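Before any comments, here is the structure.
The values are calculated or read from the model by the stated rules, or taken from the named source; none is laboratory data. Just so we're clear, the structure is a prediction, and the values are computed from it rather than from any experiment. Cβ placement follows ideal geometry from the backbone for every residue including glycine, while neighbour counts extend to all protein chains displayed. Accessible surface is based on the protein model in full, side chains and every heavy atom, while ligands, DNA and RNA are left aside. Shrake-Rupley method; radii C 1.70, N 1.55, O 1.52, S 1.80 Å.
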Amino acid sequence: MKDLSNIGAERHAAGCGQSIKRTAVALFCFYLFAGLFNGVALQKDIELMPYGAKRDLCLALIRPVAWLSEQTHAADLRAGLERLIHKEPKK
Amino acid sequence: MLFPTLGFAIFFLLVFCGHWLLLPRLGLWKFFILGISWFFYAYWDWRFLGLLVLYTVVNHRLALASFRSGTPPQKRWVVLAIIFNLGLLGFFKYYGFFTMSMYALCAKLGLPCSLPLLDIVLPIGISFFTFQAMSYTIDVHRRVIEPAHNLIDFAIYKAFFPQLVAGPIIRAHHYLPQFYRITSVNHVDIGRAAVLILGGLFKKIVIANFLAERLADPVFANPAAFHGPDVLLGVYGYALQIYCDFSAYSDIAIGVALLLGFDFPENFNAPYFATSLQDFWRRWHISLSTWLRDYLYIPLGGSRFSAARTYANLFITFLLGGLWHGASWAFVAWGALHGGYLALERIVIAIGKHFNLPKSPIPGVVTRFFQRVLIIHFVCLTWFFFRAQGFDDAALLIQNIFSGWGACQLFTPVIALALVVGFCTQFMDGVRMTPVWNAYNRLPVVWQGLAAAVVLTIILALGPEGVAPFIYFQF
């Protein structure tokens, strides 16, 4: 069985991966797209949180994302998937 | 702060930015990483942050004292460190168990017992960071590693947030060299990190939560109501639930650390493909099994003495390994079963060698298949003790397997699919996903973000409402 403790070192030596800058851009793209696809559902989740400063802050952060998500119809992806498995979509 | 939550997503974005922006200013970066790791821990329960700091300061001082005590090093410092670490772990985790067991024993013997009963809250992650601290002081004593350069460096190692509350138990010899080279890190294996994190989220949110909700929880909550195939489904469900749950945490921790430039060793490697119990323990919770081997089994004598001593050492190691998981006799029984079976495996091998038994005529692939089936079922048998609410429930469930082989209440095609997919998630362990890691690394950055976001959306859509805490948080 292969020794798994050196996977990272072996891949590092083989030059696998990409620069920090590219990683940061990929991560920001991920957050952007994930926000767009899930904004509406996230807003719904946050609305269910107990009242307080944390909820207010999260709502303030998510509202523009949810709005954008709805306007661009990006939220339809998740809603469609949820309908497909007979789960009540958060809309 | 659970990994699969919006709170952690926001926290991690801030950490990622702060980490890479502050890294050129190493002094500032250290305070940042330590601060956010302590914040991560305090978010669970701020009262125990002091305990973590106490562990850090005492272990650092004792390791330094041991290192400076000359060659060969004086044993008293490492002994003090072990007493300190096990003392605190014993108090927080085992005091209640010990007093209740003493009361039960005294009641049976008709003796008075006046131990105070305390309602002690278990600090999250204490078992993990105690073992981590012990490995550090013992390794410094053994001269395997040099101590951290200063208290801040050690505090960061001790508190580094991805592995703090539920492992994997990262050893200093693995972490510290990376820590001291962190400023030279200029690229990230994003493909591996993304697959680990998304795979972990899939295992936790979709599979583990589903199997818990539909199979394991109903069966173990009401053992009298289920018989025959339902009990089997319940325990298969739990076997895959605990694997998907715990390996998910480890994978996400490893992936998060990778994005910050740290490489943690893998903690799982397809455990339900093991062909023997020894093989199983080389694949399951690898950081714990190697810890037990290096700091308990080998110091006890390992296999250096007589065969009987080796079996006893194995048994003791797993008995204590069981107790590490939780303060109850059920965990002791779980450990004893594993230790006993491991000893039995060795005895069978020794008998085979002694009598020079001929090689089996059955093809290897068939033998390995049946060995795997046997090990899965033995491990499932031990999960009854691990999961059930006490011995009586475990015994009742095992007894119920042999009755009521009529209609199956729990079976549905979706459950069958979840079990198969849960079993197949083991293919994501180890290096089996290397082609996917490399393919992801080759994608343009926008596509990397888009692909990960689509996969996350699918996971969130498939998962149930809310996320249950990870099983290993209780240990």
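A compact table of results
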read-out: Test: B:THR317 is open to solvent by less than 10 Å² (accessible area, probe 1.4 Å) and in a helix (DSSP H, G or I); value: yes
read-out: Criterion: of a type in the set (A, V, I, L, M, F, W, C), surrounded by 14 or more Cβ atoms within 10 Å (Cβ to Cβ) and more than 7 Å from every other protein chain (Cβ to nearest Cβ) - qualifying residue of A:LEU61, A:LEU57; value: A:LEU61
read-out: B:PHE411, sole failed condition from (1) open to solvent by 30 Å² or more (accessible area, probe 1.4 Å); (2) within 13 Å of chain A (Cβ to nearest Cβ); (3) at pLDDT below 90; value: (2)
read-out: Check on B:VAL431, at the interface with chain A (Cβ under 10 Å from one of its Cβ atoms) and free of Cβ contacts under 8 Å to residues at least 60 places away in the same chain; value: yes
read-out: Single residue of B:TRP38, B:TRP29 found to be within 21 Å of B:PHE179 (Cβ to Cβ), within 14 Å of chain A (Cβ to nearest Cβ), touching a helix residue (DSSP H, G or I) at 6+ places or on another chain (Cβ under 8 Å) and not in a loop (DSSP other than H, G, I, E, B); value: B:TRP29
read-out: Residue in segment A:30-53 that is hydroxyl-bearing (Ser, Thr, Tyr), at the interface with another protein chain (Cβ under 7 Å from one of its Cβ atoms), at negative phi and crowded, with 20+ Cβ neighbours inside 10 Å present; value: no
read-out: Condition check for B:HIS173: in a helix (DSSP H, G or I), assigned by TED's automatic domain parsing to the domain that holds B:LEU54, at negative phi and surrounded by fewer than 14 Cβ atoms within 10 Å (Cβ to Cβ); value: yes
read-out: Residue that is part of a helix (DSSP H, G or I), more than 14 Å from chain A (Cβ to nearest Cβ) and open to solvent by less than 20 Å² (accessible area, probe 1.4 Å), where the choices are B:ALA308, B:ALA343, B:ALA312, B:ALA336; value: B:ALA343
read-out: Any chance B:TYR180 is hydroxyl-bearing (Ser, Thr, Tyr), open to solvent by 10 Å² or more (accessible area, probe 1.4 Å) and away from chain A (no Cβ under 14 Å); value: yes
read-out: Tally of residues being in contact with a helix residue (DSSP H, G or I) (Cβ under 6 Å, 6 or more places away or on another chain) and either under 14 Å from B:ALA451 (Cβ atoms) or more than 7 Å from every other protein chain (Cβ to nearest Cβ) (or both) across segment A:7-24; value: 0
read-out: Residue, farthest from B:LEU80 (Cα to Cα), within segment B:22-57, restricted to residues that are of a type in the set (Val, Ile, Thr) and open to solvent by 40 Å² or more (accessible area, probe 1.4 Å); value: B:VAL53
read-out: Pick from segment B:434-461, criterion facing another protein chain (nearest Cβ under 10 Å) and exposed (fewer than 13 other Cβ atoms within 10 Å of the Cβ), ranking: farthest from the chain's Cα centre (by Cα); value: B:PRO444
read-out: Meets criteria (over 16 Å from the mean Cα position of the chain (by Cα) and away from chain A (no Cβ under 11 Å)) for B:PHE226; value: yes
read-out: A:ARG11 vs. criteria surrounded by 20 or more Cβ atoms within 10 Å (Cβ to Cβ), more than 25 Å from B:PHE8 (Cβ to Cβ) and of a type outside the set (Ser, Thr, Tyr); value: yes
read-out: Extreme residue, surrounded by the most Cβ atoms within 10 Å (Cβ to Cβ), among residues of segment B:1-14 that are more than 11 Å from every other protein chain (Cβ to nearest Cβ) and touching a residue at least 24 places away in the same chain (Cβ under 8 Å); value: B:PHE3
